């Protein structure tokens, strides 16, 4: 059976991703990804002091510590020395100016030692977390569409070569942990909808909620989505008092366990800064926005999210792809949208389960986007697509749906089986990722 070969196809996709993401982690000069030097400084502090920083001195110390704690474990044995030297010529940013925020010398050359070695090890931790996200994306697509299992493979193939995903996956950034735990949370909720409630799934979801919250605050945007699997279970049993009690119990367990896992960091913030998320500290470490969120700000935000998603590089996103690349991505996105419409025709008529799955897949990116807009009220620089990473798996599945539906709409491909379609998407995706990496990213930095 073709579907029995799915793990083999996914392993091919995963291998392509690992090659491309590892290449990004090696090619991009150290510290030249968004906030990367500050994330390294946070991990270094944890490795050296073995306790959390207090106050604004470590700027990324406003974030939960799980990713940086893992980074400290991975790279701490090297000593994690300081080696980055700021480039005095980078400001003001101009098109003919240097792309690098740091001066890169022989200390960073292979074979790596001490600080550079730690940096590369932590970057590879990010690559692994991106691989977990990729696996969960495949499973979400497969289990959401059990009769159309090419959806999950195409979703994974799309992400495997997406320039924006590869760039962050090859960098030191806690958004990689947010993406992995967010993807796992969505996968568990898909299973709760498809297979009914299970205390095993509820326990696992509570732990994943908590670990996600300990990685990045943005993962809290996924917590309300638990209402969908609870409602999916309750809907056909809404006249049964026991079902209501079960729903309350599962909800209390998942959300309560999530809070319990995250409670050490939440309680510490409350004690030090007056609230669980430490907003007083956050305000000391960001550029605070002045003025309301108007149409101009929303357009700026949309443009930034779009360009970063498809590929935008440098410590502050100062390296853009050519204009034609973003235009081509827009045409591709419209084609994907038409494919989604084609795939979903009559889908909701198959039962309430499918409706709740669709709401889950749509709700994840929408709630994450709502959180970004809300954060934009406070901070500048929120136009980076990596802030969408808690729901990147759901976004990938939407692209997988559009690609699968697009193939169905083309008469010439109706006789093609799943394998040629998926391999074609993978080949295109990998070609795009490799081309951007070699032709654009490498020359821009070096």
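Descriptive notes on the structure:
- Extending 7 Å from the Cα toward the beta-carbon at both residue 378 and residue 239 defines two label points whose distance is 4.8 nm.
- Added length on full extension, which subtracts the Cα-Cα distance from 0.36 nm per residue, residue 344 to residue 259: 27.0 nm
- Percentage relative contact order, the chain, counting C-alpha pairs under 8 Å, at least six apart: 23
- Fewest neighbouring Cβ atoms within 10 Å first, the residues 437, 52, 388 line up as 52, 437, 388.
- Potential lengthening between residue 199 and residue 438 on full extension [0.36 nm per residue; Cα-Cα distance subtracted]: 81.3 nm
- Using R0 = 35 Å, the C-beta based FRET efficiency linking residue 50 and residue 270 works out to 0.95.
- Protection proxy ranking of 223-231, 427-435, 182-190 - average other beta-carbon atoms within 10 Å, highest first: 182-190, 223-231, 427-435
- Per-residue ellipticity at 222 nm, computed for the chain from helices alone with -39500 (n - 2.57) per DSSP H run of at least four residues, works out to -21000 deg cm²/dmol.
- Extension gain (nm, one decimal) between residue 423 and residue 337, 0.36 nm per residue minus Cα-Cα: 28.9 nm
- Packing-based ranking of 325-331, 214-220, 399-405, 145-151 yields 399-405, 214-220, 145-151, 325-331, ordered from highest to lowest mean Cβ neighbour count within 10 Å.
- Separation of region 421-446 and region 118-193, taken as the distance between their Cα centroids, equals 18 angstrom.
- For a paramagnetic label modelled on residue 319 (point 7 Å from Cα along Cα→Cβ), amide N atoms under 12 Å away belong, within region 426-446, to 436-446.
- Dimensions of region 79-158 along the principal axes, based on C-alpha atoms and rounded to the nearest Å, stand at 57, 36, 16, largest first.
- Peptides 312-319, 59-66, ordered by how many other C-beta atoms sit within 10 Å of their residues on average, highest first, read 59-66, 312-319.
- Prolate/oblate/rounded label for region 206-267 (Cα gyration tensor, a/c 1.5): prolate
- Three principal axis extents describe the C-alpha atoms of the chain; from largest down they are 65, 56, 45 Å.
No value in this document is a laboratory result; all are computed from the given coordinates. Small disclaimer: the values here were computed from a predicted structure and weren't measured. Note that each Cβ is placed from the backbone with ideal geometry, even for glycine, and that neighbours are counted across all protein chains shown.
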